[in-house]
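What follows is a single structure, written as structure tokens, with notes after it.
The values are calculated or read from the model by the stated rules, or taken from the named source; none is laboratory data. Since the model is a prediction, treat every value here as computed from it, not as a measurement. Glycine gets a Cβ as well: all are built from the backbone with ideal geometry, and neighbour counts include every protein chain shown.
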Amino acid sequence: MLKKKLIYGVKDNQIQEVNDNDVDVDLASPNSFFSTHINLIPLQSAVQGPRLFYGARFYNQALPLKNAEAPLVRNIDDSDPTQASFDEKLGRLSGALYSNHEGEVEGIDDNHISIKTPEGETKHVEMYHNFPYNRKTNITQTPLVKKGDKVAKGQLLAKSNFTDDKGSLALGMNARVGLVPYKGYSFEDALVISKGFANKMSSEHSYTLGQTFDHEIKGGLNHYRSLFPTQFTKKQIETLDHDGVIKPGTVVQPNDPLILATRPRVFSSTTSQLGKLSRAMKQSRHDSSKLWDGENPGVVTDVAKTKNGVKVVVQSTNPTQVGDKVVFRSGQKGVVSTIIDDERMPRTTDGKPLEVLLNPLGIPSRANNSLIYELLLGKVAKKTGQPIKLPSFNKPGQKWHEIVRDYLNKSGLSETEEVFDPTTNRKLGQPITVGIGHVLKLHHTSASKMSARGQGGYDADQLPLKGGSDAAKAKRLSGLEAHSLLSAGAYATLREGATLRGQKNDEYWRSMRAGMKPKPVGRPFVWDKFRALVSGAGMNMKDMGDGRMRLGPFTDEILNSTKPFEMKSGDMVDTNTLEPIAGGLFDQAVVGNNKWGKISLPFHVPNPAFESSIRHLLGLTEKELRGIMSGEMELPQHLM
């Protein structure tokens, strides 16, 4: 009798030995277990599981770089017969454009590549050109062929700003990394980069700014200049059309006008009285123009005009700055703590400065051995000029450190190198690990994290608006920060965030700016709104002091104490026009007085919010209570 073969499989959500005949699904490759983003991470089996899933999120957050490079260490798709890497395969989904026909390139413009086939047909291959994309970026495809070139079917025609000129996914830069602390600047997640690398890691951004015109906000070049003739220079005005909108293709500098607009000036009661003495004051308008507020120059790539307004798209290239988040693919993240001039950066014995300094203590704490392996394999690939492609998982009995050491020995390279520090004019005491790692720049840039707002926009709950509009830019207090403040006993800071900075307090800020002592801020509007909603639902919230509330039924006695007025109708809105019905619940002339109202019923009914409590006190079932309320049942004798 033949013995059944035992293999490893997943059964009852656990990896265990099972009979070969009991297997229902056989996966040809371990890559089938993971998403495409995880499969982009090389040497997967040398990465801690949670860190692996964490690193997969970086690809969604990576910004396109001006000089992006494909990684030198790549992960093979085991199911691909050509042993192509995932970086090569995903390039097609990231904008690399291939020809479906053979022929000759007949013409090229910003949006098309035209190919004339041997049969005489002209095929147009569409391209993206500065198309606004997610996370304030854009996608642009750049032709790699020229007019008159012969092309074959399947040939690469164009790259995108997310791929290299070979069609591989290219989201980052291959940096010379040294694993060494640097004067306290590389503590925890902080890392140090050189100025040259900061410029190489320049990212492309696309911003859409818009202006809606209505009966109050007006545009137009002549209208604006009649009110503000000296606001902008002649050179700035020449970049605008007759509508006061920037012309496509214009290079804009910080504070250059994009859309000219004015809106009525808002007067206080005192200013309005003074306005009676001056007609010009009453008719003056406020400058409401949209300016380019980027820190670096930008290029206007598109202008879209509609009957209600205009939108302007500006593309800008921004170098890496202190506070920007940069990451390695295996889940090793870091925030740039300082940028050092190239001549002051530690360098290897060949005189080349390092580009990134990473604290080695951050690697074992994340169980992330693959980062060291990737750095060393990247150094080998840099020397040979060819990327190294490896399977996600090593074979049984194989050790990654043995595979890496074999690559180093064959290339005549060492895992550590002597490093010279120009600031101290001496070598470090011990050699350090030096290699090449693929670094991504995430959309969590320092500029996006900075925010300054005064009396901006607020929503219906009088909470500061979040987002990127001029009236918004409020930043949330994360759960981690809130718990840190709680653990530190900073209750006053949390209270101020909820009552002062976290809601609309225009009178407070006006008093402060006027040099007067502001009145203490009261309860948050959302709390009073919540209490009103609870009361409207038939419950009475009684303040017991010390932050304690008691919830009870809202009775007729409590309602009568508010001296409510009698509502004449319970109607709400006209379903045809969605306008409030006169005298109804939404008629502002009736209910807009901030007073209680009531509609008297022909008979008493239990408070719906406390039906369960009533049934419990009276010893009735829900069916019995419903029957008594409908008149189908008599009230039990013992309750008479």
Residues T262, T208, T250: which one is in contact with a strand residue (DSSP E or B) (Cβ under 8 Å, 6 or more places away or on another chain), under 23 Å from V314 (Cβ atoms), polar (S, T, N, Q) and modelled with pLDDT of 95 or more? T250
Selection from segment 627-638 of residues of a type outside the set (S, T, N, Q), exposed (fewer than 14 other Cβ atoms within 10 Å of the Cβ) and closer than 16 Å to V605 by Cβ yields M629, G631, E632, L635
Selection from segment 200-232 of residues that are of a type in the set (S, T, Y) and surrounded by 10 or more Cβ atoms within 10 Å (Cβ to Cβ): S202, S203, S206, Y207, T208, T212, Y224, S226
Taking segment 162-175 as the region of interest, how many residues are buried (at least 21 other Cβ atoms within 10 Å of the Cβ), at negative phi and assigned to a loop (DSSP other than H, G, I, E, B)? 4
Do you know which of the residues in segment 400-421 that are more than 39 Å from the chain's Cα centre (by Cα) and assigned to a loop (DSSP other than H, G, I, E, B) is surrounded by the most Cβ atoms within 10 Å (Cβ to Cβ)? L413
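Each row is one residue, and each column tells you yes or no for (1) touching a residue at least 40 places away in the same chain (Cβ under 8 Å); (2) closer than 21 Å to P464 by Cα; (3) assigned by TED's automatic domain parsing to the domain that holds D461; (4) not acidic (D, E).
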residue	(1), (2), (3), (4)
G489	no, no, yes, yes
E496	no, yes, yes, no
N505	no, yes, yes, yes
A514	no, no, yes, yes
D528	no, yes, no, no
V534	no, no, no, yes
D543	no, no, no, no
Residue count, segment 377-399, condition on the phi > 0 side of the Ramachandran plot and either over 40 Å from the mean Cα position of the chain (by Cα) or in contact (Cβ under 8 Å) with a residue 12 or more places away in the chain (or both), comes to 1
Can you work out which of the residues in segment 8-21 that are surrounded by 12 or more Cβ atoms within 10 Å (Cβ to Cβ) and among the aliphatic types (A, V, I, L, M) is farthest from N368 (Cα to Cα)? V18
Quick one: which of E374, E355 is crowded, with 21+ Cβ neighbours inside 10 Å, touching a residue at least 12 places away in the same chain (Cβ under 8 Å) and under 18 Å from S186 (Cα atoms)? E355
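Quick one: would you say S411 is farther than 20 Å from N39 by Cα and not β-branched (V, I, T)?
yes
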When (1) in contact with a Leu (Cβ under 6 Å, 6 or more places away or on another chain); (2) over 25 Å from D26 (Cα atoms) are applied to E102, the one that fails is (1)
Quick one: is Y182 part of a strand (DSSP E or B), crowded, with 18+ Cβ neighbours inside 10 Å and not β-branched (V, I, T)? no
Test G545 against the criterion of being out of contact with any helix residue (DSSP H, G or I) (no Cβ under 8 Å at 6 or more places or on another chain), at positive phi and of a type outside the set (F, W, Y), and give yes or no. yes
Regarding L376, is this residue under 28 Å from F162 (Cβ atoms) and at pLDDT 90 or above? yes
Segment 143-161, residues that are assigned to a strand (DSSP E or B), under 22 Å from N60 (Cα atoms) and not small (G, A, S): K159
Name the residue, out of L171, L240, L191, L179, that is over 30 Å from K383 (Cβ atoms) and touching a strand residue (DSSP E or B) at 6+ places or on another chain (Cβ under 9 Å). L240
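Enumerate the helices (runs of 4 or more DSSP H) found wholly within segment 475-554, keeping only those where 3 or more residues are exposed (fewer than 10 other Cβ atoms within 10 Å of the Cβ) and either among the hydroxyl-bearing types (S, T, Y) or out of contact with any His (no Cβ under 7 Å at 6 or more places or on another chain) (or both).
In segment 475-554, 479-487 are the helices (runs of 4 or more DSSP H) which contain 3 or more residues that are exposed (fewer than 10 other Cβ atoms within 10 Å of the Cβ) and either among the hydroxyl-bearing types (S, T, Y) or out of contact with any His (no Cβ under 7 Å at 6 or more places or on another chain) (or both).
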Residues of segment 11-41 being hydrophobic (A, V, I, L, M, F, W, C) and farther than 30 Å from F328 by Cβ, in sequence order, are V18, V23, V25
Of (1) touching a helix residue (DSSP H, G or I) at 6+ places or on another chain (Cβ under 8 Å); (2) surrounded by fewer than 15 Cβ atoms within 10 Å (Cβ to Cβ); (3) of a type in the set (V, I, T), I237 satisfies every one except (2)
Filter segment 284-318 for residues that are more than 23 Å from E216 (Cα to Cα) and polar (S, T, N, Q); the one that is surrounded by the most Cβ atoms within 10 Å (Cβ to Cβ) is N318
Test: residue in segment 555-574 that is in contact (Cβ under 8 Å) with a residue 40 or more places away in the chain, surrounded by 10 or more Cβ atoms within 10 Å (Cβ to Cβ), of a type in the set (F, W, Y) and over 27 Å from Q462 (Cα atoms): no
